[in-house]
Structures are given as structure tokens and as C-alpha cells.
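Every read-out reported here was derived from the displayed coordinates using simple, explicitly stated rules and does not represent laboratory data. As the structure is a prediction and not an experimental result, all values here were calculated from the model. Every residue, glycine among them, receives a Cβ derived from its backbone with ideal geometry; neighbour counts consider all protein chains shown.
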């Protein structure tokens with residue numbers, strides 16, 4: 001079960017992990033983390049065009065440019081090392097969510113989403129086909145069929161806001 005992190009100055013600390021917005025000097029490290037996890041888990045099921053497109057999108061330069069245009073990146077840090085990253089397109093679209101392979105299924109992705117969104121945020125994501133089950137464990141539901149754009153295969157998904165999820169739980173327990 002995820003404990004609600006204590007927030008102070010937009011920094012959330014859960015156990016030995018720190019969840020916060022990225023510093024400009026960390027953009028290259030976040031891009032490297034995203035590419036490494038993508039290459040390990042997603043790239044094997046993509047055509048070369050999709051791998052090239054993702055690498056372009058996840059480059060440090062592209063990430064920095066999107067920060068200027070309103071995107072936000074949150075990171076999970078442990079012992080000075082970035083172990084997770086969440087890149088959001090305003091207001092609540094998950095553009096990238098990656099956790100170091102050795103720490104997957106440990107609550108880092110859930111905590112990144114919690115540190116980035118508010119109770120009214122209905123997150124959306126275009127999930128790679130192999131990540132659908134992971135997003136479902138995070139409360140997302142499929143909203144459309146698989147698509148492919150520029151070689152990037154994805155399935156649209158959405159997660160209800162915390163307020164809507166709580167309302168659904170209350171209604172189902174009546």
C-alpha cells in the first residue's frame with residue numbers, strides 16, 4: 001500500500017526516495033534513464049522507425065525544449081541517482097513514465113503520479129502495448145484501440161481523478 005508522501009516545498013519524501021520536479025542539470029540523466037528502460041522493455045517490439053522516433057523524443061535537448069513550452073518532469077531520486085521519471089504534457093497527460101528496471105513494481109511510478117497530480121487530475125497516457133498491465137495496476141483503463149504513429153505503437157488510456165475514483169468506490173459500496 002502506498003503511503004501518502006509528506007509534501008514540503010513541492011518535494012515529497014517516501015522512505016529513502018525523494019520525489020520532486022527535475023532540475024535543469026538533470027535532464028540528460030532523465031533522458032538516459034528513459035532511453036535505457038525503453039530499449040530494454042519496449043524497443044524489442046517496435047520497428048526501427050519507432051525506436052528512432054522515441055530516441056528523438058526522449059533526447060535531453062527535446063526534453064529541455066518541452067520544459068520551456070509547459071511540459072513538466074518529475075523524478076524519483078535515491079542516493080543522488082535518478083531511478084524514476086515522469087514527463088507530463090499539461091495538464092495531466094503522461095508523455096513518459098519510466099522506472100529503473102531493478103526497482104519496477106516497488107511503488108515508484110504510483111508515487112511519481114501522486115507527487116505530480118492533484119485530486120482533480122484525470123491522467124491520460126498513450127501506453128506502449130507491453131505497459132498496459134502496469135498502467136492498469138495504477139488505475140488506468142483502456143479508452144481506445146491500438147494505434148501507430150511514426151512507428152510508435154500505443155493504446156490510449158485514462159485514469160479517473162482521485163475525487164472521481166472515491167465517488168465510484170462510495171457508490172459501489174452502497
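Nearest 0.05, what FRET efficiency do residue 78 and residue 130 give at R0 = 22 Å with Cβ-Cβ as r? Efficiency, rounded to the nearest 0.05: 0.35. Working ranking of peptides 137-150, 56-69, 22-35 by packing, defined as the average number of other Cβ atoms within 10 Å per residue, highest first, is 22-35, 56-69, 137-150. When you count the other C-beta atoms within 10 angstrom of each residue and take the mean per peptide, 117-130, 36-49 line up highest first as 117-130, 36-49.
Temperature 20 °C, viscosity 1.002 mPa s: under these conditions the Stokes-Einstein estimate for segment 22-62, based on its Kirkwood radius over C-alpha pairs, is 204 µm² per second.
Once divided by 2.2 N^0.38 Å, the Cα radius of gyration of segment 6-125 becomes 1.02.
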